[in-house]
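Report on the structure given below.
Each reported figure results from applying straightforward, stated rules to the coordinates on display, with no laboratory input. Because the structure is a prediction, the values reported are computed rather than measured. Here the Cβ positions follow ideal geometry from the backbone for every residue, glycine too, while neighbour counts run over all protein chains shown.
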Amino acid sequence: MVIGMKHLLKISDLKKAELEKLLTLAESVKKNPVRYAGKLDGLALALLFEKASTRTRVSFEVAAQQLGASSLYLDYVTMQLSRGESWEDTARVMSRYVGAMVARLYKHSDIEQLARYSSIPIINGLTDLEHPCQALSDIFTIRENGLLKKGKKFVYIGDGAFNMANSLLAAVSQTGMSITMVCPAKYAPAREYLQFAKRHTDVEVVSDVRAAVKGADIIYTDVWVSMGQENEKAERIKNLIGYQVNEELVKAANPGVKVMHCLPAYRGYEITGEVISGRHSVIYDQAENRLHLQKALLLTLLGKA
Ligand code: CP
Ligand code: NVA
């Protein structure tokens, strides 16, 4: 299977049918990893990172190795990019050495530049605008829990205006689940992502956290202070303090509700430690599924599926 895209920069780069194929392949990869071993023999995967990472870096490096590829971690500060080399020259040169590249950058326009001049697939490993690999893995986790169905209720709590909220709006809306975004007005979803989601499903944006989780099948939250927002920390905590996912809030949702967080988490802020390790949490499954989904993504983008 080769799907009709070369890069994955945003969720909207994927058509609904492509998303479904990816989930089916990820399921097969998870069930039978040995079948896919060696499928990317001889390939080099570069990871160009401008921000910190645990999951994205490790899951892509392990995915590459298990598929027979090698991986190179490239810290932005040690690249000539940090001294002003252009994205165009970097992209053209890297395309001569490696077969695909994952990039984690601040500005989404930078990854667009990289993709524009690359002749290899570029995968967004997080920018300020989107985190598509996480959202796709999350859809896979929701599916695995039997909740990827029309009529199920997905509730996102917290900062509705940054990368995770954007990618989740774009991805979850295509699954038939309804979406409730619970955010302070200051961090309300971007119009572009809201409009996209509303074209596919019912979406509401509300501010009453307790009322919002009534009937919730999924509760999802992300950090209040994302990478690059450290100078807004005090203000963000003040504005988001009432939006914590805690035991009491989880009790107000459906009895079978699943709680999700992309991690890293700041226990005691957006979520409590009890909820992270509690019986409703699928948070570590989300982290594991990054590996399986990203293997499926690499195989697909490289025409080896
Ligand atoms: N969820 C996620 O992308 O984690 P890292 O920042 O550790 O890669
Ligand atoms: N919104 C968070 C996601 C981390 C995976 C950030 O950008 O820091």
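A few comments on the model shown:
- Over 28 Å (Cα to Cα) - which of Lys21/Lys153; Lys107/Lys251; Lys107/Lys295; Lys107/Lys153 fall in this group: Lys107/Lys251; Lys107/Lys153
- Label-to-label distance, nm, for residues given as Asn32 and Glu235 (7 Å Cα→Cβ offset): 5.4 nm
- √(5λ) per eigenvalue of the Cα gyration tensor, the stretch 60-128, largest first, Å: 20, 13, 12
- Approximate shape of the stretch 163-294 as ellipsoid semi-axes (Cα gyration tensor, √5λ), whole Å, largest first: 20, 19, 17
- Residue-averaged [θ]222 nm for the chain, counting only DSSP H segments that reach four residues, each worth -39500 (n - 2.57): -12000 deg cm²/dmol
- Here the stretch 95-235 is described by how far its Cα atoms reach on the three principal axes: 53, 38, 24 Å, from widest to narrowest.
- Normalised size of the chain, defined as Cα radius of gyration per 2.2 N^0.38 Å with N residues, equals 0.97.
- Under 12 Å from the Cα of Lys51 - aspartates and glutamates, other chains or at least 8 residues apart: Asp75, Asp128
- Cα-Cα over 18 Å, subset of Lys152/Lys258; Lys186/Lys238; Lys30/Lys150; Lys238/Lys258; Lys149/Lys258: Lys30/Lys150; Lys238/Lys258
- Rel. contact order, % - alpha carbon contacts under 8 angstrom, at least six apart, the chain: 21 percent
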